[in-house]
Structure formats: structure tokens, C-alpha cells
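The values are calculated or read from the model by the stated rules, or taken from the named source; none is laboratory data. Computed from a prediction, not measured in an experiment: that's the story for all the values here. Don't worry about glycine lacking a Cβ; one is built from the backbone with ideal geometry, like all the others, and counts go over all protein chains shown. These accessible areas exclude ligands, DNA and RNA; they are computed on the full protein's heavy atoms, side chains included. Shrake-Rupley method; radii C 1.70, N 1.55, O 1.52, S 1.80 Å.
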Amino acid sequence: MSWALTLIFTGIVAWFLATGFASPRRVYEFPFLAGMMAFAFLVPQIPPVISDMTLPEGAYTAAMGVAVLCMAMIRVGWRENAAPLPFFAQSFSEARLLKVAIVMSLVGALFYFQLSRMPSELTVGVQMSGISVVYLFFGRLLIYGLAIAALCFARRPSWLAGAVIAFDLVFCLDRILVTGKRAETLEIVLILALAYWFHRGWTPPRLAAIAGVVGITLVMGSLADYRHINRESGGFDARQIMEIDVVDNFRENLANGGLEFRNAVQRIGQIDRSGEFDYGAVHWNRLVFNFVPAQILGASTKKALMIPTPEPSRDYLPPTGTTETGFVDAFLSFWYFGAVKFLILSYLMSRIWASAMSGSTTGQIVYMLSIVPAMHSISHVTDWVLQVWVHMIFFLAPALLLASLHQVKSRHRLVPATVA
């Protein structure tokens with residue numbers, strides 16, 4: 001049964017990738033990118049785990065069953081003929097959009113700068129907390145500015161939009177080089193690529209897309225070494241980084257397995273045995289954790305707002321910096337029925353994609369900022385994208401309202417043409 005489920009899982013992943021390679025426009029759609037994440041992050045970890053006799057009996061089968069259901073729900077939820085979301089139908093003043101991008105970039109850069117001044121042992125390869133989380137929370141505005149400026153530049157190149165993009169990339173690249181964050185790297189690449197897709201119909205050559213998936217898969221196993229070097233050296237150390245043997249690390253990953261899928265197997269096995277579920281309370285608790293400031297309301301008030309959830313067993317000790325995959329929180333909420341989370345996420349992403357493809361600037365911005373968090377429903381947690389959407393409601397939505405043509409009449413409307 002274990003091998004059968006494993007073959008089904010890899011078959012679904014291969015199917016998602018094949019659809020993108022066959023039709024280049026699909027490389028920007030959620031199923032392809034979710035397949036890429038599963039292929040690069042999880043598939044190399046599976047072979048040693050399936051034969052690991054130290055894992056609880058039946059735990060691998062349960063975990064792979066959940067993984068198969070969740071991946072299948074991504075395909076079921078994605079609607080090729082999805083209708084655009086009506087509340088994304090706005091027109092904008094291009095001049096005001098650029099002003100919004102400038103202000104957001106400047107505010108976000110201030111917090112990115114403060115974050116860069118913190119010791120590397122507090123920000124590289126560790127679970128961040130305290131003031132560093134606050135800096136990241138407001139530093140997100142810089143990414144909003146980058147996405148808006150990229151859309152404006154792709155529609156009509158201008159020195160102002162180009163300057164905003166260059167300014168934002170300086171701060172983004174500094175953080176990427178120092179911390180080795182794959183999410184930030186992928187997000188920057190997709191923001192720029194999607195901007196040119198929405199306005200110019202640009203897609204990467206098929207061979208480039210295949211090479212990208214293979215390259216990401218090879219590099220994924222060396223990120224721990226990358227972060228360790230930067231943490232120990234206090235910054236980006238090009239000499240030591242060039243000495244990392246990427247191929248050898250990949251071979252070791254294939255031979256010994258990664259930690260994330262092993263974490264998922266252990267955790268799902270434990271949940272299955274205990275029969276204790278949180279029924280979705282984890283999502284509320286994370287919203288409280290991220291958006292209720294303990295410094296203002298007090299730690300006791302913040303704790304009181306959280307709903308008690310089942311705790312992992314005492315013998316479950318995942319290494320710091322590793323994840324459990326989104327399959328775990330799906331199973332923790334509703335047993336195997338938790339796969340519905342992936343169905344809902346994929347359906348919503350297809351509606352946002354439809355809005356973006358219909359020419360909605362709001363839909364394009366939201367998709368550009370949502371796709372990487374959505375991909376991390378595979379590798380991390382299913383509600384990463386939910387946190388991003390709530391953050392957008394508080395910060396991005398008011399900014400876009402200011403740039404709306406309901407506020408000002410302008411001859412420079414940003415109404416992109418739909419790409420067939």
C-alpha cells in the first residue's frame with residue numbers, strides 16, 4: 001500500500017509539471033507551481049523515509065494517503081473556467097499607483113534596513129521572534145511596492161517605475177543573499193515574470209522552465225549549509241558558499257532523506273493514534289499570534305484569545321528550522337477530510353487568476369503576492385496565504401483605494417489587456 005500511494009503521489013506531481021512543460025502559459029498557474037514545490041522539496045526526501053523501520057507502524061501510509069488527497073484536491077479545486085472576482089474590478093490612476101509604490105517601498109525599506117542591522121544569529125536559519133518579527137511584518141510593504149511598480153513598468157516602461165524596482169531589489173537581494181530565503185527569492189522572480197506575462201504575454205522557454213525545476217531541486221538540499229555559513233560568518237561569505245557541494249548534498253538527501261517529510265510522517269502518525277483534532281482552530285490562533293500586538297494589549301490578553309489545541313507528543317522533537325508540511329495541519333484539523341483546505345485554496349487561487357487574466361490590476365497584484373504563500377501550503381502550512389491576505393486587507397487595500405479612479409479622474413488608466 002505504501003508503494004502504491006507513493007507512486008500515485010509522484011504521478012500527480014509529474015502530471016502537474018507535465019501540463020506546464022506542455023503549455024508554457026500554465027507555468028504561472030497554481031497546480032504547476034504546487035507540483036514544482038512538491039517535486040523539489042518533498043519527492044527527494046521520500047525514498048529513505050518509506051523504508052525507515054524506526055517510524056511508527058502505519059504512519060508512512062497514513063501520511064502518504066493525506067499527501068495524495070491534498071494534491072488531488074489542488075487539481076479538483078482549480079477551475080479552468082473560473083469566474084473573475086467582482087470586487088477586483090477597479091480602474092486605477094497610474095500616477096497614483098506609482099506614488100503608492102514609492103511610499104510603500106520607502107516605509108518597507110526602513111524596516112528592512114532595521115532588520116539587516118540585527119545580528120545574523122537572530123535572523124538567519126532560526127525561528128524569528130520579538131522585534132525581528134515586527135520588522136518583517138512592516139517590511140512586507142516593500143514587496144507591495146515592488147509588485148505595483150513592476151506592473152506599471154511592464155505596461156509602460158518609465159524611469160520612475162524602474163527606479164522604484166531597482167530601489168526595492170537592493171533591499172530584497174540583501175536579505176536574500178544574507179538569509180538564503182527561498183520564499184523571498186521565488187517571490188521576486190515570480191513578481192517580475194508575472195508582470196511581464198500579464199502585460200506582454202512573456203513565458204519562459206520550455207527548456208528554461210525544465211532547467212529551473214531541476215536547479216531548484218538540486219539547490220534545495222544545500223540551503224541549510226548556505227544559512228549556516230552566513231550565520232557563522234555574520235553575513236554573506238561568497239568564498240565559503242562557492243565551496244558548497246550541491247550535487248553531493250542532493251545525493252545525501254536522496255540517501256538519508258530530508259527532515260520535513262519525516263516530521264510529517266511522525267506527526268500524522270501521532271495524530272492518527274490519538275484521535276485529537278483542532279477543527280481549524282490553528283488558523284484562528286495564528287491570526288491572533290500575527291495580528292494581535294502583545295505590546296499593546298498585553299501577553300495575557302493575547303493568550304486568552306487563543307483556542308486550546310492538541311499538543312504534539314513529548315517524543316516528537318523536530319529539529320529547529322524544519323517544517324511539518326501543510327499536510328499535517330490539514331490532517332490535524334479534520335483527519336483525512338482536511339484535504340478540503342487544499343480544494344478551497346486552489347479554488348480561490350483560480351478565481352484570483354481568472355480576475356488577473358481578465359485584466360484586473362487588483363487581481364494581478366493579489367495573485368503576484370499570493371502565489372508563493374499558496375505554494376508553501378505544500379512545504380509549510382496551509383494558512384500562510386491566509387495571513388498574507390489579511391495583511392493585504394489592512395495595508396494594501398487602503399493604498400489601492402487611494403489610487404482608484406473613483407478618487408481621481410485620470411487619462412492614464414492602468415487597465416491591462418487580457419493575454420489569451
- Note on the structure: Just one listed residue, out of 398, 416, is modelled with pLDDT of 90 or more and not hydroxyl-bearing (Ser, Thr, Tyr), and it is 398
- Note on the structure: Apart from one, (1) at pLDDT below 95; (2) out of contact with any Gly (no Cβ under 8 Å at 6 or more places or on another chain) all hold for residue 321; the odd one out is (2)
- Item | Positions within segment 85-115 being open to solvent by 60 Å² or more (accessible area, probe 1.4 Å) and either touching a Lys or Arg at 6+ places or on another chain (Cβ under 7 Å) or of a type in the set (Val, Ile, Thr) (or both), in sequence order | 103
- Task: Could you pull out the residue among 374, 403 that is open to solvent by less than 10 Å² (accessible area, probe 1.4 Å) and either at pLDDT below 90 or at positive phi (or both)?
- Result: 403
- Task: Please work out which residue is modelled with the lowest pLDDT, limiting yourself to segment 271-318 and to residues that are over 13 Å from residue 332 (Cβ atoms), open to solvent by 40 Å² or more (accessible area, probe 1.4 Å) and small (Gly, Ala, Ser).
- Result: 299
- Message: Condition (residue is modelled with pLDDT of 85 or more and farther than 30 Å from residue 150 by Cα) applied to segment 25-42: is it met by at least one residue?
- Response: yes
- Task: Look at residue 307 and say whether it is touching an Asp or Glu at 6+ places or on another chain (Cβ under 9 Å), over 27 Å from residue 374 (Cβ atoms) and part of a loop (DSSP other than H, G, I, E, B).
- Result: no
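When you go through 195, 147, 154 one by one, which is the residue that is open to solvent by less than 10 Å² (accessible area, probe 1.4 Å), touching a Cys at 6+ places or on another chain (Cβ under 9 Å), of a type outside the set (Val, Ile, Thr) and in a helix (DSSP H, G or I)? Working first, answer last.
Values: 147 fails: touching a Cys at 6+ places or on another chain (Cβ under 9 Å); 154 fails: touching a Cys at 6+ places or on another chain (Cβ under 9 Å).
On inspection, the qualifying residue turns out to be 195.
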